[in-house]
Structure formats: structure tokens, C-alpha cells
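The values are calculated or read from the model by the stated rules, or taken from the named source; none is laboratory data. It should be emphasised that the depicted structure is a prediction, and the values quoted were computed from it without experimental measurement. As a convention, Cβ positions derive from the backbone with ideal geometry for all residues, glycine included, and neighbour counts pool all protein chains shown. When the accessible area is computed, the model is the full protein with side chains, heavy atoms only, and any ligands, DNA or RNA have been set aside. Shrake-Rupley method; radii C 1.70, N 1.55, O 1.52, S 1.80 Å.
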Amino acid sequence: MHIEWTTFFIQIVAFLILYFLLQKFAFGPLFGMMEKRRQLVKDQIQTAENSRKQAEQLLEEQKQALQQTRKEAHDIIEQAKQTSSKQADEIVAAARTEADRLKDEALKDIENEKNKAVAALRSQVSAMSVLIASKIIEKQIDEKSQNELVETYLKEVGGNV
């Protein structure tokens, strides 16, 4: 194998000229276009990653807001239960107090009416006793008359009571 050095150098020079021309007119724009494409893909990946992070952050915020809302609803329900229980206790206590007051008033009224009735009976009994005593004094009665007088008295007392 024999190497032609002149052809070899011509081929190297032609290769270098071709490489220089390709570098200037083809590789530069081609690599520039490839770099733009690489940058576009990189930017799209970065945008997608940022969008994913924002979506995750929004999802977490929504979860927290939902949890907070649930907690507030639970607190409101508990407060309503406590308020209703407290109001029920107050109503029951007021009703008991009123019932006790009415009972005490009724007992006082009963006692007053009883005292009035006893006083009325005493006055009637004393009036009857005076009447009986005056009748006994008016006439000396025998046993039969005395029984009749007692019967009459009992009928009068029974009718007035």
C-alpha cells in the first residue's frame, strides 16, 4: 500500500475547507436550532414542574382549609349542644323554682283557709255553747230534754259546717 502524499494533503485541505464551511453555514445554525429546542424542552419541563408544585401547594391549602372548616363546624355544633343543654337546665331550674313557689303559696293558702275555718268553727261552737248554756239555764231539763237539746245542737252544727 502506497500513500500519495499530495492527494492525502489535498483531501485533508478539502476536508478542512468542507468542515469550515459546514461549521459556518450548517453546524452553527443546526446546533443553534438544537440548543433552542433543548432550551424550549428545558423551559417546558421547568414550567410543568412549577405547575405541579403549585398544584400540590394549592391541594395542600385546600386540604387545610377543608380541615379548618370541619373543625369550625364541629366547634359550632359542640357550642350549640352546650348552649342548648345549658338553656334546658336553666328552663328546668326555672320551672322547678316556679313549681316550688306555687306549692309554697298553695300550702300557705291552705293553711290560711284552715285557720279561718277553725276560727269560724270556734266562734260557732262558742256561740252554740252560749246558746246551749242559756237554754240549760232557762229550764231545768231532765235527761230526755238534754238528749233532745244535744240532738238539736248537732243538727245545727252539722247544717252550718
What pairs come up if the first residue lies in segment 1-30 and is β-branched (Val, Ile, Thr), the second is assigned to a loop (DSSP other than H, G, I, E, B) and open to solvent by 90 Å² or more (accessible area, probe 1.4 Å), and their beta carbons are under 6 Å apart, counting only those six or more places apart or on different chains? none
How many residues are at pLDDT 65 or above and either surrounded by 11 or more Cβ atoms within 10 Å (Cβ to Cβ) or in contact with a strand residue (DSSP E or B) (Cβ under 7 Å, 6 or more places away or on another chain) (or both) if we restrict to segment 137-147? 3
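Any residue in segment 16-27 that is exposed (fewer than 10 other Cβ atoms within 10 Å of the Cβ) and in a helix (DSSP H, G or I)? Walk me through how you get there before you give the answer.
Going through segment 16-27, the residues exposed (fewer than 10 other Cβ atoms within 10 Å of the Cβ) turn out to be none.
Within segment 16-27, not a single residue is exposed (fewer than 10 other Cβ atoms within 10 Å of the Cβ) and in a helix (DSSP H, G or I).
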What number goes with the only condition from (1) among the β-branched types (Val, Ile, Thr); (2) open to solvent by less than 90 Å² (accessible area, probe 1.4 Å); (3) modelled with pLDDT of 95 or more that Ile45 does not pass? (2)
